[in-house]
Every structure is written in structure tokens, then in C-alpha cells.
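What follows is a short report on a single structure.
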Amino acid sequence: MRRWVMAVGTIFGLIPGLCVGAEPANVDRQAATEFFEKKIRPLLVQRCDECHSTDKADESGHLALDNRASFVAGGTRGPVLVAGKPDESLLIKAVRYLDPKLQMPPEGKLADTEIELLSKWVQDGAFIPDYGQDAGNKRNKSIDWDAARQFWSFRALIRPDVPVVETGQQIHNPIDAFVTRPLRDAKLIPAPTADGRTLIRRLSFDLLGLPPSPDEVAEFLADERPDAYERLVDRLLASPHFGERWARYWLDLARYVDFTPDWQKNTDRAWMYRDWVVRAFNEDRPYDEFVQMQLAADLIPEGDPRDIAALGLLGVSPTYWKELKLAPSVIEVIVADEWDERLDTVSRTFLGLTVACARCHDHKFDPVTSKDYYALAGIFASTQVADRPLLPSPLAEQVAEARAKLDKLQESWKKQKEKESDEARKLQTQIDELRQANPQIDALLAPVVEESSVYVVADGPDATKLEYRKHQSRDLPVFRRGNPGNPGEIVPRRFLELFANRADGEPTLAPYGQGSGRLELAHSLVNEARPLTARVVVNRIWLNHFGKGLVKTPGDFGQQGDRPSHPELLDWLASELVSEGAGPAGSPWKKGADALRAIDTQGESMALQRVRPLFPRWSLKHLHRLMVTSATYRQSSTTGATATDPENQLLARMNRRRLDIEPWRDAMLAVAGNLDDRLEGPGAELDQKINHRRTLYGRIGRDEQNDMLRIFDFPPPTTHSPSRDNSTTPLQQLFVFNSDFVEQQATTLAVRLLEPADATVPQRIERCYQLLFQRAPRPVELQLGEQFLGQSTGSESTEQDRWRWYVQSLFGLNEFLFVD
């Protein structure tokens, strides 16, 4: 939302008073559409649609608010919106009840929060997606499911043939064959292979999130074996730091937090989920298993109790304040909002679909109905956040029961004024006996979910209570216009209609009957929806290796998202992911490289034949290895024919990428020699001077953002974040020169560079450049460094001060912040 507000607000800030009309060309349509559909559209449907829909507009001032064209045209009073000026917009005047003759809705004024939302939307540009001429009548049309399933992302996964390429092309694996053909058609020449120093730096940051040491660079450059690069890849993939780097990408999707406001459910042991994700990536847990564990680890028979921590995906979900002194109708909406948030996170994370946009009406763009939405919402209505020790059932339940008793006994003991009284001693004896009978009573509790449904019921006049019914599931009715107070047809819990009849020709939409349905949902994601699930995760990995996804909208694989730049490559990689195989003996991570045979065909071209690889099914490390060992990945980032392909969609070169805040901070710690590389465990505040652990282990707050993270584009963990948006602001450079953390690392490195005492200034500069940039300084850099370090800046400055200032300035250079 913040990105959308900035984009649209800037546009209309330059053109104050612009009436809503033609869509600005440079608006972020995906973010703006998502905001409108999730915040504004439900409000309009719930509060205005009864009178101001297309089929009733003639009776209501000829004003229809259910499609863009009618909204822009306005009604008999003229346009209802003036973008950027809510005070001049008829819509805002009407909902504010400022004019006795113009008050909408007539049956009662909107809540202040709803009016504020509409006002802010207008203030920020009043973006309205273009639904097309017939969008207002879409409710009366049925979905052509056969046609819908032919959309590129929903099609069955058919493995494409590897293209035939010309002799002489740089081909290391099939990825290159798929990339080479469109380059040839566009008459673009691929960039040359990057030098060894660039490659090891690129690989180290991509796979570990850390810079290579000078010794590691020297060792790699001196390795003359033909498979030296592949050996380097295997070593990095086997590092425990691999899981730390790639877990952070996943935690963005999972809106991971370590602490929440006091009125929300406590998540101070969410680190148990974070550590599970790290281990899962390091162990190369098959992705289908990775998915299922995070939705239903507690429901998998004979599962490892340690995997219960995987439920943190749902266990760290935001909870919303419920003031039970309010009427049930108010609390019902808040509870439904929690279900909606969890459904949205799961559908966008695994399917890349905005299913939550079907809460008030059928999805405007994608083949998702309101019945689909409430079929899935029933799963989350039958699931509640909880805390649980990582113990097997029924021991976990016994410990939970014992802890509840212990809490009551300890509370009673605290109330005893005389701790030596008979009553106090009796309570203490009971506490001791309870602890002795339950030796694991103090086991850490992970934030998870449990099988339990919640019901909102009246508790006297205008008051509410929540009834939790453990081990009971419930089906939800369709809430007309998204209003829980206006229920319609009850929908059994099931998967999306879009994926019916996709598994071996058998119908797949039988209602879920196993508890809440979480386990069945997990199975559906990796079976019925396998093609889409595979494409989505392949694209996420590609995005973080190449800087852009094969699909540029990683969170939207529907109609409003971008089409893939290389559709056959995407499908080939997705097919590769779900293929069968087994890891070779002695492999550090069950790798199995893809093998190719080049066959000379009439001396003019090579046909690439794939020898059956050995690797586990759904192996993400196999995908990583394929991508980073391709010639496409190894290209230089030197710009070439930018006029022909300015955005580098055809991959004629490697994209130069900016480091996220985590590897940038970790790199400063590493080169200063301060990095504490311990794995796992509770997080600590990043502002603590003694906190030298990787940034992954910094405590993340849902509402309170650390300044360093906020300034450098860390995504707010209030919602699912499919990708990060890099900004360049004066605050970032000011941070480099004024941050206590940066100064501390610069000081430590300065002291490190001043040893040994007999080293010359050029030698120290050389060492500094090797640590920071993995290369020797250029002559002009050496000259500038000697000039700065040799000058006197005042009687109070010392040699160490000058070196600290020098290092601190180098920390702010683009070369330290970017990867070529």
C-alpha cells in the first residue's frame, strides 16, 4: 500500500484537482489494484452496491459504482471524484453528511474509519482499475472453466523440448538453450562470462548472503580444474549459511515477526519457526513436504514433533483487537478479517493468486468465485492460533494441561500475603508435585495453530463473547457483499473450482472432511494445483538470483499479472522441479547435476539431449544449482544493446543488483571481523552494540520497525511481501555517516588494518580493498586513499580516526552495496 500511495500521490500531487479519467501511464497498477480490491471495493460493495450497481443505477441518480467507466462518468450531479481533493469530491461530501440534502448511505452514516479510508483513497489519487465495459454485469455471467484453465499459469504442466542451438553458443545446461533462442531472434549477443572475482562474489552473496574472504577468492582463482566453478557452487550450497540467506526471502512471504503490540497474540518464540525454515532449506526438504508441514504438520501421522514449529506460518498471523463490549455484528467482521488475512497469505504465497479479492464478489479478473473464497475461509474458521511444545501427541496435550494448572496454582500462591502460611505451603507442595510429575512442563511453546473453530455469540445486549470449540470444524455461508450479518448459501470446505478434474481425471472437489481441512488443502496445493505451485516457487527463486522474475509479478499469476518473458523455460524448470529422482551417494546435499550431451548434427548445430539426472523430487537446491551454473547466470553485467532491450527481459546480460539490508549489514560485520555466525536461537535487538549476529536474528516487530531496516526498504511484516522495492534516499547516505553501528564496524576494521604496525599505507589500502571488494585498488583509488590518509585534519584527529573515516566512506560506495 505504501508504494501505491507514494506513486499515485506523486502523480496527482503534480496535477491537483485532476478529475479521475484516463489511467496514468506510470502508476503501479498491481499495488493500486490490490489496494482498491482489498480496501475500497469491499466497502463500496457492502455499503453502496444495493442502490448504485449497474442494474439499479437508473433508479439512483444514474450513478453506478461497480465499474470504472460509470464511476468516472458520475451521475446526474456530475463526477463524484476529484482526485487528490477529497473536500471537493461529491462522494466524500455525501459520506461525511455535510449537506443535509446529500447524505449517503441514507440509512446511516459510515463509521469514521470507513470515511477516513475513502478520503485517503481520494487524496492519494482515487485509482480505479479498468474492469472493462462488461465488468458491471460480470455477476450475471458464469465462468467458462475450460477456457479459464487454458490461461498460461493454470495449464497442465507439459515438459517442453530443449531447443536446438547453434554451434559455438555458450551452453552449460538447458536454461541457456531456452535463453539463447529469443536472443538470436532479437539479434542480441550475450554478454561475455564475468571474471572469476565477480563470479565468486556474486555466488557468495546470492547463496550465503555474505562476501567471500580474500583467501576464498584467491583459492578459487587459483583452481585450474575444469569443474572449479561447479565445486564452488556445491560447497556454498552445502554451507549452513545457505539456509539463513534463503530463509529470509521466505520470511518476507510469511510476514514473520518476533514481537507484536501488547493487545495482539504474543509471538516472542516465533524464532522457532524461523529456525525451522533455515533447517528445511539447508536439508533440502522437498518443496511439497515444505508446503504441507507449514499448513498441517500437526495432522501428519507419525510426523517428527520438531516439525510442529513449521506451523508458525499461520501461528505468527496477526490478530486484531476485539472489544467484546461491542455488538456481535462488529466482532464478526473483525474475526472474518483474521480469516481473510490468513487465506490471503496462503493463497498468494503458494499459488500467486489474490483469492481474497473474492470476499465480497466473484474475483473481477481471475476464475475465483465467492463460493471458492468461503470454501477456503471455512478452513481458517476451523483453525485457531495457539502455543504448543514441540512434543508428540498426546504428551503435548498433557503438558499444556499441566501448564494451565500450574499457572492457576502460581497465581493463587502469589495472592497469599503470608508465604509461610499453611495455605501457601500447601500450594507450593502442589506446584512441586505438578512439576515432578511433568518433567517437560517448562518446554518452550512454539506459536502454532490447532483444530478449533470460533463462534461469535451475543452476551447480553450489545455485548459479545467468543466460543472456541476444539476439534470442531465449521463450514461458512457466503457473506453477501462480504457482510457476516448477511449470510447466504453454506459452502462446504474444499479447494478452488479452477483445479477440479485435474488429478488423474478424477473429480477433486469433494468436500474436505478431515478436521479443519488443512491437511487436505496442503495436499491439493501440491497435487491438483501442482503446475501453478511449481511455477510460482520457480519464479521466486529465479527472481532472487537474477533480480527479476521470469514473471515480473511474483505475487500475481492471474490475469492482472505480467506474462512470463520465457514461458517455455519457466515450464521446463517447473517440470524439472516435480520430476522424480534420487541423490547420488556421497553428495553433500543430494545434488545431482543436470547432464547434457552435445551431439554434432551435420556439423552445423548441436541438439541438447538431457541425460536423466539424479536428484530428489521437488528439490529446491537442484533448481538453485541449475540456475547458478548456467551460462546465463555467469554473464557479465556489462550493458550492451540497451536500446533493443532496455529492461534486459531477454537476459543478454546479468542484472546488476543492490544488496538487501541483511547482506549489507552482515557484510560490514564480516569484513570488520565482528560477525558472530552462530546459527539459530532467539533474536536480539539490532540496535544493541553487542549484537554481532546476522541480521536474520534481529528482532522484528509488527508495528515497530527498526530504523536501519526501515530506511533500507525492509518490508513491513504486517502483510505478505512477494518482493522488495529498492529506494535511494538521502537518509540512506546520512545513515552511513551517522550510524553508531556503521561507525563501530569502521572502527573495528580500522584497528584491524593498522596491524601489523610496520605495514605501509598502500599495503593497508590494498588489504582494505581485498576485504571489502575482493580486488586490488586501482591506481587512482590508491592515490586518493594515500592522499586522504596522509593529510592532517586537526590536532585532535588520530591515524585511527582517519582510517575509520576512510572505511566508513567505503561502506557507502555502490560497489560495496551492489553485486555485479
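The values are calculated or read from the model by the stated rules, or taken from the named source; none is laboratory data. Quantities reported herein were computed from a predicted structural model and do not represent experimental measurements. Quick reminder, even Gly has a Cβ in these numbers, built from the backbone with ideal geometry, and neighbours come from all protein chains shown. Areas reflect the complete protein model, heavy atoms only, side chains present, ligands, DNA and RNA absent. Shrake-Rupley method; radii C 1.70, N 1.55, O 1.52, S 1.80 Å.
Data table
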{"read-out": "Over 27 Å (Cα to Cα) - which of K120/K322; K552/K621; K364/K621; K322/K470; K548/K621; K325/K414 fall in this group", "value": "K364/K621; K325/K414"}
{"read-out": "Packing rank of 275-284, 460-469, 808-817, where each peptide gets the mean count of other beta carbons within 10 Å, highest leading", "value": "275-284, 808-817, 460-469"}
{"read-out": "Using θ = phi - 60° and Karplus 6.51 cos²θ - 1.76 cosθ + 1.60, couplings along segment 264-276 (whole Hz; Gly, Pro as x)", "value": "9, 4, 5, 10, 6, 10, 5, 4, 5, 5, 4, 5, 5"}
{"read-out": "Equivalent ellipsoid semi-axes - Cα gyration tensor, segment 670-820, angstrom", "value": "32, 17, 15"}
{"read-out": "Accessible surface, per residue, of the chain when the full set of protein chains is kept, probe 1.4 Å, Å²", "value": "44"}
{"read-out": "Length gained when the stretch L434-S412 is fully extended (0.36 nm per residue, less Cα-Cα span)", "value": "6.5 nm"}
{"read-out": "Peptides 660-666, 356-362, 375-381 ordered by average Cβ neighbours within 10 Å, highest first", "value": "375-381, 356-362, 660-666"}
{"read-out": "Only Lys, Arg (+1) and Asp, Glu (-1) charged, at Cβ; segment 285-332 dipole about Cα centre in debye", "value": "300"}
{"read-out": "Cα gyration tensor of segment 219-274 - equivalent ellipsoid semi-axes, whole Å, descending", "value": "40, 9, 7"}
{"read-out": "Dipole moment magnitude, nearest 20 debye, the chain about Cα centre, only Lys, Arg, Asp, Glu C-beta charged", "value": "520"}
{"read-out": "Added length on full extension, which subtracts the Cα-Cα distance from 0.36 nm per residue, N738 to I490", "value": "83.4 nm"}
{"read-out": "Convex hull volume per residue in cubic angstrom - Cα atoms of the chain", "value": "233"}
{"read-out": "5 angstrom amide H check on V448, placed H, neighbours 5+ away", "value": "A386, D387, R388"}
{"read-out": "Near-label residues of segment 346-380 by backbone N, under 14 Å of a point 7 Å along Cα→Cβ of A148", "value": "353-359, 361-376"}
{"read-out": "Rounded if a/c under 1.5, otherwise prolate or oblate - segment 667-753, Cα gyration tensor axes", "value": "oblate"}
{"read-out": "Ellipticity estimate at 222 nm from DSSP helix runs (n ≥ 4, -39,500 (n - 2.57)) divided over the chain, nearest 500", "value": "-12500 deg cm²/dmol"}
